[in-house]
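The structure under discussion appears below in the form of structure tokens.
The values are calculated or read from the model by the stated rules, or taken from the named source; none is laboratory data. Remember, it's a predicted structure, so these values are computed and weren't measured experimentally. Note that we place each Cβ from the backbone using ideal geometry, even for glycine, and neighbour counts take in every protein chain shown. Just so you know, the surface numbers come from the protein's heavy atoms only, side chains and all, with ligands and any DNA or RNA stripped out. Shrake-Rupley method; radii C 1.70, N 1.55, O 1.52, S 1.80 Å.
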Amino acid sequence: GTVHALEPQPSTFGLLRVNANRWRRHAGIVLHEAAVSDHAGFGDLVLPDPSRRNDSLSSLVESHGDAVVQVRTVRLDDEIEDQPKVIKMDVEGSESAEIAGGERCFAGARDIVVEGDYPSPVTVELERLGFTIFQLTRSLAKPMLVSPSAPVRRRYEPPSLVATRDPSRASTTRNLST
């Protein structure tokens, strides 16, 4: 299948391009230098304070940053012609806009991976769309999906959630890629 990677932050997009070039012989990777939104056009991307050294905290919504760069915004449904099976969301507070601009993509997707807490506005929206939410954690042997409200010991990573249309597939110990 094809992997579509959308990234608006200029320096992070540069790193994405380098990494994608390393993997091009293994998979079809299409890069899009754009922010996913509910409208096509342009938007102000608030960049994090450079002293925080985390470009992944860039946001189209209000943030604690002092630099702003104008970026292209796209609707997922307009940008991606094929139907994605899996969508990974990491849009720092713009999840509702991503879903609104990607109704077709989300309607046909099998699984959604999103960082965040449960419950939240994005998990409520995904449940409304027919997804069942699980918390992604790991054991010594493999990744595990557990109830989104189960207490899980985390070290330094934010919580990851998997929303699926087929909870029986997710609740087994099979590989999630099947």
- Item | Identity of the residue in segment 72-83, touching a helix residue (DSSP H, G or I) at 6+ places or on another chain (Cβ under 8 Å) and under 17 Å from SER37 (Cα atoms), that ends up most open to solvent (accessible area, probe 1.4 Å) | ASP77
- Query: Quick one: which of ILE112, ILE133 is within 13 Å of LEU161 (Cβ to Cβ), out of contact with any Pro (no Cβ under 9 Å at 6 or more places or on another chain) and not in a helix (DSSP H, G or I)?
  - Reply: ILE112
- Message: Looking only at residues that are basic (Lys, Arg) and under 15 Å from the mean Cα position of the chain (by Cα) in segment 70-111, which one is nearest to GLY28 (Cα to Cα)?
- Response: LYS85
- Task: Please verify whether segment 126-145 includes one or more residues that are touching a strand residue (DSSP E or B) at 6+ places or on another chain (Cβ under 9 Å), under 19 Å from ILE99 (Cβ atoms), open to solvent by 40 Å² or more (accessible area, probe 1.4 Å) and of a type in the set (A, V, I, L, M).
- Result: yes
- Message: Name the single residue that is most open to solvent (accessible area, probe 1.4 Å) among those in segment 2-57 being at pLDDT 85 or above, among the charged types (D, E, K, R) and over 19 Å from the mean Cα position of the chain (by Cα).
- Response: ARG22
- Any pair with Cβ under 7 angstrom, 6 or more apart, that starts in segment 1-29 at a residue that is under 22 Å from GLN83 (Cβ atoms) and of a type in the set (Asp, Glu) and ends at one that is open to solvent by less than 40 Å² (accessible area, probe 1.4 Å) and at pLDDT 95 or above: GLU7/PHE13
- Message: Consider segment 147-167. How many of its residues are exposed (fewer than 14 other Cβ atoms within 10 Å of the Cβ) and either assigned to a strand (DSSP E or B) or touching a Gly at 6+ places or on another chain (Cβ under 8 Å) (or both)?
- Response: 1
- Message: I'm trying to understand the selection: among the residues of segment 111-122, which are closer than 19 Å to ARG75 by Cα and either free of Cβ contacts under 8 Å to residues at least 24 places away in the same chain or surrounded by fewer than 17 Cβ atoms within 10 Å (Cβ to Cβ) (or both)?
- Response: VAL113
